[in-house]
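Below you'll find the structure, written out as structure tokens, and then a few comments.
Nothing in this text is a laboratory measurement; each read-out follows from the coordinates by a stated rule. From a predicted model like this one, the values you see are computed outputs, not experimental measurements. A quick note on method: Cβ atoms are made from the backbone with ideal geometry, for glycine too, and the neighbour counts reach across all protein chains shown.
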Amino acid sequence: MPLDGAKAPRRKPAVDQDVRYAAAWEYHEASLGLRAAEQRRTRAQALAVRVGVLPDHLNDPLPVGTSAVVYADAAVVINVQVFAPIVGVDVDGLEASLVKAGVKLAVLRRAFKANRTETRPAHKFTSSAL
């Protein structure tokens, strides 16, 4: 049965239940490992910033286009590359500003519709052991 009027999911090929269980358990275990690794990396990054191994990119970002070694010793080299930020537009705010400036709402709506693009919907899977 489709969820929220969406297309029904494709029918899964017949697979032995043991294989499905093993795949689900492997996904769950990998998710736990990834979550632990992300938490460890976050703590390590905060420590590295605090002691000067990494630059404080949140409070003092490097210039876009930077590609440099930020730390090197006999065992570890850490590089940084700085990419351009993603630019977003508040469409509702832009629409309100343009209407206030005299642009007709119908013209704006046609222009927005003609120039609209969408990305794939985000999917976040979480697992729990029962």
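So what's the net charge close to residue 46: Lys and Arg +1, Asp and Glu -1, counting the other residues with Cβ under 12 Å from its Cβ?
Net local charge, residue 46 excluded: +3.
In which sequence would 119, 42, 66 go, from the one with the fewest C-beta neighbours within 10 Å to the one with the most?
119, 42, 66
Within 10 Å of each residue's Cβ, count the other Cβ atoms and sort 118, 26 from fewest upward.
118, 26
Only loop residues by DSSP count here, and only those with at most 12 other Cβ atoms within 10 Å; note down the trypsin sites (Lys or Arg not before Pro) in the stretch 69-119 that meet that.
Counting only loop positions with at most 12 other Cβ atoms within 10 Å, the trypsin sites (Lys or Arg not before Pro) in the stretch 69-119 are 104, 116.
Hey, rough spin-label estimate for residue 64 and residue 40, points 7 angstrom out along Cα→Cβ, what's it come to in nanometres?
Each label point is offset 7 Å from its Cα along the Cβ direction, giving 3.5 nm.
Can you compute the charge dipole magnitude of the chain about its Cα centre, using +1 on each Lys and Arg Cβ and -1 on each Asp and Glu Cβ, nothing else charged? Give it in debye, rounded to the nearest 20.
That gives a dipole near 720 debye.
What is the distance, in nm, between label points placed 7 Å from the Cα along the Cα-to-Cβ direction at residue 125 and at residue 71?
The answer from the label model is 3.3 nm.
Cα-based Rg (one decimal) and Dmax (whole number) for the chain, in Å?
For the chain, the Cα radius of gyration and maximum Cα-Cα distance read 24.0, 65 Å.
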